[in-house]
Amino acid sequence: QMLHINDNKLTTLPAEFGQLQQLQVLHINDNKLTTLPPEFGQLQQLQELHINDNKLTTLPPEFGQLQQLQMLSIDSNKLTTLPPEIGQLQQLQELFINDNKLTTLPPEIGQLQQLQELDISYTKLNALPPEIGQLQQLRTLHIDHDCLDLLPPALLLKDDLIIRDSHYEEISMADRRRAVNEKLLPF
């Protein structure tokens, strides 16, 4: 049910990896993976996936088949975007995509109705899709050292949302309201 294959210099995963259908927790950190096989989508019981510190540039569309996934950590890779199928991960509660080369997020990110924590720190995002304001369960948003020019007003005005800036400080609700009124950001 749990597999750790960290620090192995893996460059690929075999298609047979999809046969590990009872796998619930998977750690594949600190390898040299550039892609994941489409068969990765067959890991139907996977709840937690850590695939940090690799060289991933894309995620396969089959990623959307990981319907039980609750936690996805793919930080410190080379991702420039996420597939629209990310919106199919209806159980996802935590998404860590920090330290990537992300320039956009798909609008489908707004479909992650269970998402509670999102880390987009150290990315190249300069805007977030308005659909991100539909994340009613979102409680923590990390935006440390980002290039963001704007945050959607729906996020800025969300009372129960903690937004952490580049100094690991919370941005106050008063500053967020002022930013919306003045159409600027407090950071």
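The values are calculated or read from the model by the stated rules, or taken from the named source; none is laboratory data. Predicted, not measured: the structure shown is a model, and the values here were computed from it. Backbone-built Cβ (ideal geometry, glycine too); neighbour counts: all protein chains shown.
Looking only at segment 136-163, filter to residues that are touching a Ser or Thr at 6+ places or on another chain (Cβ under 7 Å) and either part of a loop (DSSP other than H, G, I, E, B) or surrounded by fewer than 18 Cβ atoms within 10 Å (Cβ to Cβ) (or both); which one of those is modelled with the lowest pLDDT? Give the derivation first.
So the first thing to find is which residues in segment 136-163 are touching a Ser or Thr at 6+ places or on another chain (Cβ under 7 Å), and the list is 142-146, 162.
Narrowing further to those that are either part of a loop (DSSP other than H, G, I, E, B) or surrounded by fewer than 18 Cβ atoms within 10 Å (Cβ to Cβ) (or both): 143-146, 162.
Working: Ile143: 87, Asp144: 83, His145: 79, Asp146: 75, Ile162: 82.
This residue is Asp146.
Kindly indicate which of Leu82, Leu13 is closer than 22 Å to Asp144 by Cβ and touching a helix residue (DSSP H, G or I) at 6+ places or on another chain (Cβ under 9 Å). Please lay out each step first, then the result.
Numbers: Leu13 fails: closer than 22 Å to Asp144 by Cβ.
Exactly one of Leu82, Leu13 is closer than 22 Å to Asp144 by Cβ and touching a helix residue (DSSP H, G or I) at 6+ places or on another chain (Cβ under 9 Å), namely Leu82.
Could you pull out the residue among Gly110, Gly133 that is outside any loop (DSSP other than H, G, I, E, B), at negative phi and either crowded, with 20+ Cβ neighbours inside 10 Å or touching a strand residue (DSSP E or B) at 6+ places or on another chain (Cβ under 6 Å) (or both)? Step through it out loud before you land on a result.
On the way: Gly133 fails: either crowded, with 20+ Cβ neighbours inside 10 Å or touching a strand residue (DSSP E or B) at 6+ places or on another chain (Cβ under 6 Å) (or both).
Of Gly110, Gly133, the one residue that is outside any loop (DSSP other than H, G, I, E, B), at negative phi and either crowded, with 20+ Cβ neighbours inside 10 Å or touching a strand residue (DSSP E or B) at 6+ places or on another chain (Cβ under 6 Å) (or both) is Gly110.
Restricting attention to segment 42-64, and to residues there that are more than 20 Å from Leu102 (Cβ to Cβ) and surrounded by 20 or more Cβ atoms within 10 Å (Cβ to Cβ), which single residue is nearest to the chain's Cα centre (by Cα)?
Restricting to residues being more than 20 Å from Leu102 (Cβ to Cβ) and surrounded by 20 or more Cβ atoms within 10 Å (Cβ to Cβ), the top hit is Leu46.
Looking at (1) in contact with a strand residue (DSSP E or B) (Cβ under 8 Å, 6 or more places away or on another chain); (2) buried (at least 22 other Cβ atoms within 10 Å of the Cβ), which is the only condition Thr123 fails?
Just one mismatch for Thr123, condition (1).
Mind checking whether some residue in segment 89-104 is surrounded by fewer than 17 Cβ atoms within 10 Å (Cβ to Cβ) and either touching a residue at least 60 places away in the same chain (Cβ under 8 Å) or not in a loop (DSSP other than H, G, I, E, B) (or both)?
Within segment 89-104, not a single residue is surrounded by fewer than 17 Cβ atoms within 10 Å (Cβ to Cβ) and either touching a residue at least 60 places away in the same chain (Cβ under 8 Å) or not in a loop (DSSP other than H, G, I, E, B) (or both).
Is segment 121-138 home to any residue that is under 26 Å from Thr34 (Cβ atoms) and touching a Pro at 6+ places or on another chain (Cβ under 9 Å)? Talk me through it step by step, then tell me what you get.
Step one: filter segment 121-138 for residues under 26 Å from Thr34 (Cβ atoms), giving 121-126.
Still in the running and touching a Pro at 6+ places or on another chain (Cβ under 9 Å): none.
For segment 121-138, residues under 26 Å from Thr34 (Cβ atoms) and touching a Pro at 6+ places or on another chain (Cβ under 9 Å): absent.
When you check Leu95 against the structure, is it under 23 Å from Ser76 (Cβ atoms) and in contact with a helix residue (DSSP H, G or I) (Cβ under 7 Å, 6 or more places away or on another chain), yes or no? Working first, answer last.
On the way: under 23 Å from Ser76 (Cβ atoms): yes; in contact with a helix residue (DSSP H, G or I) (Cβ under 7 Å, 6 or more places away or on another chain): no.
Here the answer is no, as Leu95 does not meet what is asked.
Could you check segment 12-27 and list, in sequence order, the residues that are in a loop (DSSP other than H, G, I, E, B) and surrounded by 12 or more Cβ atoms within 10 Å (Cβ to Cβ)?
First pass over segment 12-27, keeping only residues in a loop (DSSP other than H, G, I, E, B): 12-14, 20-24.
Of everything in segment 12-27, those that are in a loop (DSSP other than H, G, I, E, B) and surrounded by 12 or more Cβ atoms within 10 Å (Cβ to Cβ) turn out to be Thr12, Leu13, Leu20, Leu23, Gln24.
Pull up segment 72-88, narrow it to residues that are in contact with a strand residue (DSSP E or B) (Cβ under 9 Å, 6 or more places away or on another chain) and more than 18 Å from Gly133 (Cβ to Cβ), then point me to the one that is surrounded by the fewest Cβ atoms within 10 Å (Cβ to Cβ).
Restricting to residues being in contact with a strand residue (DSSP E or B) (Cβ under 9 Å, 6 or more places away or on another chain) and more than 18 Å from Gly133 (Cβ to Cβ), the top hit is Ser73.
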